[in-house]
Every structure is written in structure tokens, then in C-alpha cells.
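Contents: one structure, followed by commentary.
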Amino acid sequence: MRDRLADRARQLGLKVQVQRLAASTRTVKDAAVAVGCEEAEIAKSIVFVADGDPIVCVASGRHRIDPDKIADALDVAAVRQAAPDEVRAATGFAIGGVPPFGHDLPVLFDESLLEHERVWAAAGDPHSLFCVDPRELCRCVEARVVAVGE
């Protein structure tokens, strides 16, 4: 899984080093403790269903994502968080390990992540992360920058 993600990162022009950790990185708090950063520096990738289509929202770990803000940004009527089976079907990854790329879904990128020099993102499983410049990540995945926090 990590090799697949590293290969995809290279294809996008990103230089990342995936770190496999003994500790779980499934939650924002776990990930922040595992790498020694603030929760705001964790770039969580959450799958939503917007008018029936899956999208990925990459958001700061410091706040909850507001589905109404996603709906406004996408100009859709209904947005809900995807169920675990929908997440795996849409991305090929399980909840807690969804990376911000490697799934070919549209990506919304939380503007508050751009306040940081670096962020940590899931690398395909709940024990792996990579560190990256959020501006470079946003550019490489062709994300749309929006305010998504509650």
C-alpha cells in the first residue's frame, strides 16, 4: 500500500517519505501524538457524498468539517459523510488511512491548512503518515481551496 502511494506521489510531482509507525494514526489525536505535532497540522482526508458523488475533503485536524460549507462550495443540494463501505469502494482505502490522493476523486482543501509550513497526512493505512508542504499538496492534487471548518 505504501509503495503504491509513494509511486502515485512521484507521478504527481510530490516528494514524500511515508513513515510507518508502531502507534495508531487512525484519529487526529493519535496521529498528532505519534509524530509530535499540533492537531491543526494533521491533514485528515474525509470522504463525503455530494448529490450522490463521492468527494474527498482534506481538512485541518483542529476542527470539524461543516457539510453545509461543502454543499455551498460545490453548489449541491445534499452532502453527507460517507459510510465506511462507501469510503473503501470510492477510494480503495479504509477510514483512518485515506490519503489526500491516489483515489482520483475531486478534492476540497481546507484553507486553514495553508497556514502551516508542513502538514501530516494519512498514507493508506492507520499506521502510516507522510509530511508535506500543504501548498504543494494542494497544487499537485488540483484541489479547490475552501473554508470547511465549523
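Quick notes
- Candidates R20, R88, R80, filtered to the one that is among the basic types (K, R), closer than 20 Å to V132 by Cα and over 11 Å from the mean Cα position of the chain (by Cα): R20
- Total residues in segment 73-131, condition among the acidic types (D, E) and assigned to a helix (DSSP H, G or I): 4
- Inter-residue pairs, beta-carbon under 6 Å, first touching a residue at least 40 places away in the same chain (Cβ under 8 Å) and within 15 Å of P126 (Cα to Cα) and in segment 82-93, second open to solvent by 30 Å² or more (accessible area, probe 1.4 Å) and among the β-branched types (V, I, T), 6+ apart: V87/I95
Residues checked against (1) crowded, with 22+ Cβ neighbours inside 10 Å; (2) of a type in the set (D, E):
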position: A94; (1), (2): no, no
position: H103; (1), (2): no, no
position: L108; (1), (2): yes, no
position: L113; (1), (2): yes, no
position: E117; (1), (2): no, yes
position: G124; (1), (2): yes, no
position: S128; (1), (2): no, no
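- Residues that are part of a loop (DSSP other than H, G, I, E, B) and either among the hydrophobic types (A, V, I, L, M, F, W, C) or over 15 Å from the mean Cα position of the chain (by Cα) (or both) within segment 27-50 comprise G36, C37, E38, listed in sequence order.
The values are calculated or read from the model by the stated rules, or taken from the named source; none is laboratory data. This one's a predicted model, so the numbers in the text were calculated from it and none came from an experiment. Every residue, glycine as well, gets a Cβ built from its backbone with ideal geometry; the counts of neighbours run over all protein chains shown. Calculation scope for accessible area: heavy atoms of the full protein, side chains included, ligands and nucleic acids excluded. Shrake-Rupley method; radii C 1.70, N 1.55, O 1.52, S 1.80 Å.
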